[in-house]
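All remarks here apply to the structure that follows.
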Amino acid sequence: MSGSKVEGYFIEGSDIDNVIVGKILSIEKHPDADKLVVCQVDVGAGEPIQIVTGATNLVEGDVVPVAMDNSTLPGGKKIRKGKLRGVLSNGMLCSLGELGLTQHDFPNAVEDGIMVLDEENLRLGQDIREAIGLNDTCVEFEITSNRPDCFSIIGLAREAAATYDKPLKLHTPVVKGSGGDIHELLDVEVKNPELCMRYMARMVKNVKIEPSPRWMRERLRACGVRPINNIVDITNYVMLEYGQPMHAFDYKYVNGKKITVRTAQNGEKITTLDDVERGLDESMLVIADEKGPVAVAGVMGGEYSGIMDDTDTIVFESACFNGVSVRLTSKKLALRTESSGRYEKGLDPYNTLPAVERACELVELLGAGEVVDGVIDVDNSDKALRRIPLEPDWINRFLGIEISRERMVQILEKIGCVMEGDDIVIPSFRPDLEHKADISEEIARFYGYDKIPVTAIRGTAQGHLTDLQKFERTVSDTLLAQGLYEIMTYSFISPKYYDKIRLPAESPLRQCVTIQNPLGEDTSVMRTTTLPSMLEILAKNYNNRNESAAFFEISPEYIPTDGPLPDENSQVTLGMYGEAYDFFSLKGVVEELLHVLDIEDYDVEAVSDNPTFHPGRCAKISKDGREIGVLGEVHPLVLQNYGIGVKAYAAKLSAGALFDLRCADKHFTPLPKYPATARDIAVLCDDALPVLTMKKAIQKAAGRILEQVSLFDVYKGKQVPEGKKSVAWSLSFRAADRTLTDEETDRAMKKVLKALDELGATLRA
Amino acid sequence: MKEALQSIRQQAEELLHAAQDMKEIDALRVRFLGKKGELTAILKQMGKLSAEERPVIGQLANDVRAKIEGAIAARNEELKASQLDRQLESEKLDVTMPGKRHPLGKKHPLTLVLDEVKEIFLGMGFDVAQGPEVELDYYNFEALNIPKNHPARDTQDTFYIDENTVLRTQTSPVQVRVMEKQKPPIRVIAPGRVYRSDAVDATHSPLFHQIEGLVVDKDVTMADLKGTLEVFVKRLYGEDSVVRFRPHHFPFTEPSAELDVQCFACHGEGCRLCKGEGWIELLGCGMVHPKVLSICGIDPEEYSGFAFGMGLERIVMRRFGIDDLRLFYENDLRFLNQF
């Protein structure tokens, strides 16, 4: 709970049960099978047991893993006794693979055959996990990007020591050496000191390449690193222990006996250890000999100078490269390694020496070669340690705690800081500590986040929604109340969707904000209209056999501008299909919304040229010249593009226009004191005459005493001539200050009829 | 005559009692009380009586009239009442038949929970802020102490529009925009869509929602951060929720923490919901990095603050037991209908 989160842990070999060490006493031919043999096996207790096997690599006296009756192997495989071709077998002799291992773990064991144990101190009947060291517990930590120092056993040990308040015991490597002088054998030049802050090298001669000892292989395997050979294993071991990536070159392939650290030339190539030829460019730092690059700095070594079985003399590299440079190179080459992952977070130039010393110490410990005296050190690093004043009062106030300066100093010293007066000297391995806020985090971590009290923010505040947020709530409530379900769609779409809604090729809406690195074409541009998103969802529901559906979404369109960012214009998008819906049910929803927002006297115009909609069933709504939106029956060809087999209706209204045009101030009108006079009329007119035109004419002609006019019937058919329609209106007149006389109402009606007459609408007899 | 009057009364009362509808009653009234009725006929014979008898009989006649009128009214009432009873009986419904409904639509489950979160923070004095989704690299990264080539950029796979413009990977840029515009005290949450180039699967979506929070004022402490978020969690998950704050790292907060809430299914024992951990990671938070305050023109010596951010989808998935994030964006009616 002090920082590096334990992601989990597992016990090695926990999937192996009841497998023990046994010794082959005798091997006899199976009476009924040519390919099987019958072994008597001493398992350290009682009578020897009989086991039938098909293996051919065994001789009497071999010590082997024995899976007993009722045992479990990796992968959940159960072993029980049984008869093989009529002969009783009391278990199974195991191969490497059957125990979940490979030859990298046990180089002397054969790949296809029973694993013969060559370890010392084996006891018959011993649990195999103990016998072969498959019993470590591995803990997995989540290391945050600011803590490259914790990418190492030593770093975690330091954290653990501070957390549990235990002394930190660090080992200092000691190298005996074997004479000679590295400076006579090798020269190192760093041409780009800003990219390579420090480069250290040591050499080992008379190298004997062989598998590393079991303890080292076991530890590497537990850390998820494949054992290779003693030299490569040492470099990996040191990286895990110290957090310092190491590299080993075969000296005989360092041409000119000189290492140059430089940026690559455009067009230079290297074949890396993973056997891939990679093109380099001048932004990449390489380690080169006089012929060319032998390693990509901090990322991966070259195959040419890699360690082989005949390697005799090696060069250990322990360097500090610029993190950003390694990160960019690794990205460009699409090659991320344990090494680059560490470098890119920024490593400590002080760490290169202990790491290379440790590697040489391990060489001597393993008897892998003779270490040449002397160290090459090209050091261009900034050695000045950062200082931050300790401000206990500020820290206490910032965290809301009260702890003493002494306690703070104690914590800081635990993590490697040194106090000089009031200044904290920051250790080189903690480049993340830059500011007193960083210091406060260290104090908080080791004091304990859980011990920080829980308080309320001082002062009071009133939270409130803005007018726009309240407006959106009203819109949403109104649409929900009318039975529409809210949906949420992706705001990026495919440019092909514009074809699906039949947008003309030259439409400005096809100019959209385009994603440089999209996941796929389907999500590659930011939509400039919300209609395709709605239609997509209608289609999905139709295909999922939902009989009818009505949806709305309040979400933006992204319209490019001359500025750096697009306009994100919020839209109210409606869509519906199914038996209950037609053009007028959609329009009704829109009208109700406009009514709730108190937007009155808006214009509705037929639109015949919107390619997404039915040319005879589409309308534009606007007020005072400002467009509010469009609604209509979706064009049959668009429906076809979406695979919708029924009529569907959609509308798109600008939330901005609705917001601006809404009437936010509501005023009370006194309830009427005087009675209203009602008049109904039916007029005959051309079928093409829009009722809204008539309504407006009526309103204008009737004057102020007209309280309300509503359409109550439209009739075509018998008694109405072809091409005509009969339209019935109900008018209601009222004055606020008096009872209207019949004469007044008659006069108004006369004007109404005259106005209608001018439109070609005549009173029906 | 006296006897005649008594007899009329008796007869009228009997007939009225037997009458079965209003019409019959009306006929009886005409028969007994009408101008040519039986009572009138008797009264017409009053002239034959002596002066002593006349007032006595007159009085009696009036009594009889009143009685008959009363009986008519009473019988009328009775009949009305029984008629109503019959009507009601005939109108009896099978009340177990389904009602007529005008179905409402439903909010998207993400909105449902987001509204709840907003209510909680509005109650704690927070406003709700918004910012652009197509955002400048500066606001999404640089002003948040994530310079170009910072390794933290790798953990947020970013959609780029051009070198300087991204689809915001987090709602944190709204913090910067709010601080640039508004002087402390600041208390805002900023919910919204964010984008990361994660391929779509049951737990990943290239578009999802975050809710950001920011408080800046004089003397805001980490203890305030803990207090505020603890109240939030208790409102969201119940008063008995247990939370813990765990050190973490975010470039724009220092100290940084992750808040875990004890698994409400197993109370810390470890189960499928919490993947055996006993705790569920809910949000990231921390004290606003002094560098970020400075970049936004707020003096970190005078003011301090805290910030937090959480993913909405995961909260909603756990709330309703939804196992596939894709359902949120497929918008199948059969899914939307459930909330």
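The values are calculated or read from the model by the stated rules, or taken from the named source; none is laboratory data. Being a predicted model, the structure only gives us computed values, none of them experimental. Every residue, glycine among them, receives a Cβ derived from its backbone with ideal geometry; neighbour counts consider all protein chains shown.
Tabulated data
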{"quantity": "Any hit, segment A:647-660, residues being without any contact (Cβ under 8 Å) to a residue 40 or more places away in the chain and either in a helix (DSSP H, G or I) or touching a Pro at 6+ places or on another chain (Cβ under 7 Å) (or both)", "calculated": "yes"}
{"quantity": "Elements of type strands (runs of 3 or more DSSP E) in segment B:241-339, at least 2 residues being more than 10 Å from chain A (Cβ to nearest Cβ)", "calculated": "B:253-262, B:279-288, B:304-311"}
{"quantity": "Members of segment A:470-480 that are touching a residue at least 60 places away in the same chain (Cβ under 8 Å) and more than 9 Å from every other protein chain (Cβ to nearest Cβ)", "calculated": "A:Phe471, A:Glu472, A:Thr474, A:Val475, A:Thr478"}
{"quantity": "Selection count where residues are under 19 Å from B:Gly309 (Cα atoms), of a type in the set (Lys, Arg) and assigned to a loop (DSSP other than H, G, I, E, B), scope segment B:116-165", "calculated": "0"}
{"quantity": "Close pairs from segment A:329-352: first within 12 Å of A:Ala297 (Cα to Cα) and outside the structural domain of A:Leu195 (by TED's automatic domain parsing), partner among the hydrophobic types (A, V, I, L, M, F, W, C) and at pLDDT below 95, Cβ under 7 Å, at least 6 apart", "calculated": "none"}
{"quantity": "Exclusive hit being more than 20 Å from A:Ser491 (Cβ to Cβ) and facing chain A (nearest Cβ under 10 Å), set B:Leu136, B:Leu112, B:Leu144", "calculated": "B:Leu112"}
{"quantity": "Filter result for the condition that a residue is aliphatic (A, V, I, L, M), closer than 30 Å to A:Thr460 by Cβ, out of contact with any helix residue (DSSP H, G or I) (no Cβ under 7 Å at 6 or more places or on another chain) and touching a residue at least 60 places away in the same chain (Cβ under 8 Å), over B:Val231, B:Val242", "calculated": "B:Val231"}
{"quantity": "Yes/no for A:Asp127 being over 18 Å from A:Asp17 (Cβ atoms) and in the same structural domain as A:Val21 (by TED's automatic domain parsing)", "calculated": "no"}
{"quantity": "Restricting segment A:447-469 to residues that are more than 7 Å from every other protein chain (Cβ to nearest Cβ) and part of a loop (DSSP other than H, G, I, E, B), the residue that is farthest from B:Gly227 (Cα to Cα)", "calculated": "A:Thr466"}
{"quantity": "Contacts under 8 angstrom Cβ, first residue in segment A:501-518 being within 10 Å of another protein chain (Cβ to nearest Cβ), partner of a type in the set (Ser, Thr, Tyr) and not in a loop (DSSP other than H, G, I, E, B), 6 or more apart", "calculated": "A:Val513/A:Tyr558; A:Ile515/A:Thr523; A:Ile515/B:Tyr160; A:Gln516/B:Tyr160; A:Asn517/B:Tyr160"}
{"quantity": "Positions within segment A:303-320 being over 14 Å from A:Thr260 (Cα atoms), out of contact with any Ser or Thr (no Cβ under 6 Å at 6 or more places or on another chain), modelled with pLDDT of 90 or more and buried (at least 24 other Cβ atoms within 10 Å of the Cβ), in sequence order", "calculated": "A:Ile314, A:Phe316"}
{"quantity": "Test: residue in segment A:446-463 that is among the polar types (S, T, N, Q), out of contact with any Phe, Trp or Tyr (no Cβ under 6 Å at 6 or more places or on another chain) and either buried (at least 18 other Cβ atoms within 10 Å of the Cβ) or closer than 30 Å to A:Pro427 by Cβ (or both)", "calculated": "no"}
{"quantity": "Residues being at pLDDT 95 or above and assigned to a loop (DSSP other than H, G, I, E, B) - total across segment A:610-626", "calculated": "3"}
{"quantity": "Checklist (1) modelled with pLDDT of 95 or more; (2) closer than 30 Å to A:Lys470 by Cβ applied to A:Asp601, failing item", "calculated": "(1)"}
{"quantity": "Candidates A:Ile20, A:Ile16 - the one that is surrounded by 13 or more Cβ atoms within 10 Å (Cβ to Cβ) and at pLDDT below 90", "calculated": "A:Ile16"}
{"quantity": "Given (1) under 30 Å from B:His249 (Cβ atoms); (2) touching a Cys at 6+ places or on another chain (Cβ under 6 Å); (3) among the aliphatic types (A, V, I, L, M), number of the condition A:Ala67 does not satisfy", "calculated": "(1)"}
{"quantity": "Residue identified as surrounded by 11 or more Cβ atoms within 10 Å (Cβ to Cβ) and within 30 Å of B:Pro191 (Cα to Cα) among B:Gly34, B:Gly70, B:Gly105", "calculated": "B:Gly105"}
{"quantity": "Pairs where the first residue, in segment A:612-625, is under 14 Å from A:Leu594 (Cα atoms) and among the polar types (S, T, N, Q) and the second is at pLDDT below 95 and in a strand (DSSP E or B), C-beta under 6 Å, 6+ apart", "calculated": "A:Ser622/A:Asp603"}
{"quantity": "For A:Thr561: the one exception among (1) polar (S, T, N, Q); (2) at the interface with another protein chain (Cβ under 10 Å from one of its Cβ atoms); (3) outside any strand (DSSP E or B)", "calculated": "(2)"}
{"quantity": "Selected residue (criterion: nearest to the other protein chains (Cβ to nearest Cβ)) from residues of segment A:532-547 that are over 31 Å from the mean Cα position of the chain (by Cα) and not in a helix (DSSP H, G or I)", "calculated": "A:Asn546"}
{"quantity": "Pairs, first farther than 18 Å from A:Glu344 by Cβ in segment A:132-149, second assigned to a loop (DSSP other than H, G, I, E, B) and among the β-branched types (Val, Ile, Thr), C-beta under 8 Å, six or more apart", "calculated": "A:Leu134/A:Ile16"}
{"quantity": "Tally of residues being farther than 13 Å from B:Gly58 by Cα, in contact (Cβ under 8 Å) with a residue 12 or more places away in the chain and either in contact with a Phe, Trp or Tyr (Cβ under 8 Å, 6 or more places away or on another chain) or basic (Lys, Arg) (or both) across segment B:32-45", "calculated": "1"}
{"quantity": "Flag for B:Leu236 being among the hydrophobic types (A, V, I, L, M, F, W, C), in contact with a Ser or Thr (Cβ under 6 Å, 6 or more places away or on another chain) and away from every other protein chain (no Cβ under 11 Å)", "calculated": "no"}
{"quantity": "Qualifying positions in segment A:268-315 - part of a strand (DSSP E or B) and not β-branched (Val, Ile, Thr)", "calculated": "A:Lys269, A:Glu277, A:Arg278, A:Gly279, A:Leu285, A:Ala288, A:Pro293, A:Ala295, A:Met300, A:Gly301, A:Gly302"}
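To keep it simple, each residue is scored yes or no on (1) out of contact with any strand residue (DSSP E or B) (no Cβ under 7 Å at 6 or more places or on another chain); (2) farther than 27 Å from B:Ile146 by Cα.
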residue	(1), (2)
B:His249	no, no
B:Arg272	yes, yes
B:Lys275	yes, yes
B:Gly278	no, yes
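Residue-by-condition table, conditions (1) within 14 Å of chain B (Cβ to nearest Cβ); (2) among the aromatic types (Phe, Trp, Tyr); (3) under 28 Å from A:Glu317 (Cα atoms); (4) in a loop (DSSP other than H, G, I, E, B):
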site: A:Ala359; (1), (2), (3), (4): no, no, yes, no
site: A:Leu362; (1), (2), (3), (4): no, no, yes, no
site: A:Ala384; (1), (2), (3), (4): no, no, yes, yes
site: A:Ile395; (1), (2), (3), (4): yes, no, no, no
site: A:Phe398; (1), (2), (3), (4): yes, yes, no, no
site: A:Pro431; (1), (2), (3), (4): yes, no, yes, yes
site: A:Ile439; (1), (2), (3), (4): yes, no, no, no
